[in-house]
Amino acid sequence: MQHEALTDAGCEKMFAEKVSGRSTHDREGLARAIDFVREGDTLVVTRLDRLARSVGDLHRIIEKLTEKKVAFRCLNQSGVDTDSSTGRLMLAILGAVAAFENDIRLERQREGIAKAKVEGKYKGRKPTVDVTRVKTLRDDGLGPSQIAKTMGIGRASVYRALAA
């Protein structure tokens, strides 16, 4: 649907990525898009949350675009652009509201987890490393690198298991 909306808006080049909702790192598609755009271009997204993961993130991205003299436009939130002072105001307001909503969602999530722990329903993620086997292999004289290779896990996981 996003591809179709961008095509209908007249976009000639599209960048896509699949990254965690909160991740601001490893945004290769975004980095390629910002590197690709030139003075006079307009970076178009379907929704504001497709561009930035936080208000700070949004402002940094818009600042990079502004430095390159590249405009910004959001299709689903009309009036959100960098072409006018009203558009820039809307961008700041929507960014702040998105951050507020995210904070409230995280707060509710923490409250739900705390309640589930009290009720004994939340046990956390199941262990992916057999700590007993790691310790047995260590007792047998294997080093962390050998244990990691034997078990098919990372060396850091071996160290965490030995510390447990």
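Here are a few things to note about the model shown:
- Region 37-58, subset of a type outside the set (A, V, I, L, M, F, W, C) and touching a helix residue (DSSP H, G or I) at 6+ places or on another chain (Cβ under 7 Å), residue farthest from residue 101 (Cα to Cα): 46
- Any hit, region 79-96, residues being among the small types (Gly, Ala, Ser), open to solvent by 40 Å² or more (accessible area, probe 1.4 Å), touching an Asp or Glu at 6+ places or on another chain (Cβ under 8 Å) and in contact (Cβ under 8 Å) with a residue 12 or more places away in the chain: no
- Flag if residue 135 is of a type outside the set (A, V, I, L, M, F, W, C) and assigned to a loop (DSSP other than H, G, I, E, B): no
- Looking across region 114-131, the residues that are within 26 Å of the chain's Cα centre (by Cα), of a type outside the set (Phe, Trp, Tyr) and open to solvent by 50 Å² or more (accessible area, probe 1.4 Å) come down to 114, 123, 125, 126, 127, 128.
- Some residue of region 101-108 being open to solvent by less than 80 Å² (accessible area, probe 1.4 Å), touching a residue at least 24 places away in the same chain (Cβ under 8 Å) and in a helix (DSSP H, G or I): yes
- Within region 45-63, tally of residues that are farther than 24 Å from residue 4 by Cα, surrounded by 16 or more Cβ atoms within 10 Å (Cβ to Cβ) and either over 23 Å from the mean Cα position of the chain (by Cα) or charged (D, E, K, R) (or both): 1
The values are calculated or read from the model by the stated rules, or taken from the named source; none is laboratory data. Computed from a predicted model, the values in this text were never measured in an experiment. Every residue, glycine among them, receives a Cβ derived from its backbone with ideal geometry; neighbour counts consider all protein chains shown. Calculation scope for accessible area: heavy atoms of the full protein, side chains included, ligands and nucleic acids excluded. Shrake-Rupley method; radii C 1.70, N 1.55, O 1.52, S 1.80 Å.
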